[in-house]
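Just passing along the structure, written as structure tokens.
The values are calculated or read from the model by the stated rules, or taken from the named source; none is laboratory data. This is a predicted model, so every value here is computed, not measured. Backbone-built Cβ (ideal geometry, glycine too); neighbour counts: all protein chains shown.
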Amino acid sequence: MNEVSDALSLATSRSLPQADLPLYPVALATDGEALAYRPGPPPRLPAGGCLSEALLPEIRELALRLALARGWPQGRTPDRVAEPADWLAARILLLEWQQVELALDELALLDEANRRASGLAKARSVAFSPALPVLLPAGREPGALRGWRAHPLPRGGVAEASRRCRERLAARFAELSEQ
């Protein structure tokens, strides 16, 4: 796994790691999480293949399982049980992202998400490779996240692509949660 300092040197290096196979972009409208952090409607959907996280409840459930694996919070239950690293780890695992678009200040988040994803994958004997960062110089827009994976998205609009992608997600979720 790359530590934050390693990710920064990789990001500024002229010889970046290359994927063995072509990768396909997958945009995710993280509408539920975006609305939890700020008021107002979610921003416009990213161009190209896009999924709606609201239509993929396995991501939320896996994020909560990752959070609860660390133990139930003591005292008053916090407003948010799952941390951003839990959400990102769940997305990386279920969407099988090999690269994730992030702002420079989110490298530590990716490092922690990779650690949590790796721990769960190892406990379930599932193969896992840490996601590499794709840095955005201006930062990323809230409410959307983009990653790259080895398989293209199913055809269709956001709802149809999300519904079709959910079949694969459900199988991957079962593999990761021993159900």
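Could you please find all residues in the range 74-97 being at pLDDT below 85 and touching a helix residue (DSSP H, G or I) at 6+ places or on another chain (Cβ under 9 Å)?
Residues satisfying the conditions are D79, R80, V81.
Now for a separate question. What about G147, is it small (G, A, S) and closer than 27 Å to L68 by Cβ?
yes
State the number of residues belonging to the range 92-125 that are within 18 Å of A170 (Cβ to Cβ), in contact (Cβ under 8 Å) with a residue 60 or more places away in the chain and surrounded by fewer than 19 Cβ atoms within 10 Å (Cβ to Cβ).
Counting residues in the range 92-125 that are within 18 Å of A170 (Cβ to Cβ), in contact (Cβ under 8 Å) with a residue 60 or more places away in the chain and surrounded by fewer than 19 Cβ atoms within 10 Å (Cβ to Cβ) gives 0.
Sticking with this one: If I filter the range 70-91 down to residues being of a type in the set (A, V, I, L, M) and surrounded by 24 or more Cβ atoms within 10 Å (Cβ to Cβ), which single residue comes out as nearest to P57 (Cα to Cα)?
Result: A90.
Would you check which residues across the range 133-179 are surrounded by 14 or more Cβ atoms within 10 Å (Cβ to Cβ) and of a type in the set (S, T, N, Q) and list them?
Scanning the range 133-179 gives a single hit, S162.
Condition first: among the aromatic types (F, W, Y) and in contact with a helix residue (DSSP H, G or I) (Cβ under 7 Å, 6 or more places away or on another chain). Now tell me which residues in the range 116-161 satisfy that.
F128
For the condition modelled with pLDDT of 90 or more and more than 14 Å from the chain's Cα centre (by Cα), what is the one hit in R38, R60, R65?
R65
Sticking with this one: What number of residues within the range 86-109 satisfy the criterion of being more than 9 Å from the chain's Cα centre (by Cα) and of a type in the set (A, V, I, L, M)?
Number of matching residues: 6.
If we scan the range 72-91, do we find a residue that is under 15 Å from L176 (Cα atoms) and outside any helix (DSSP H, G or I)?
no
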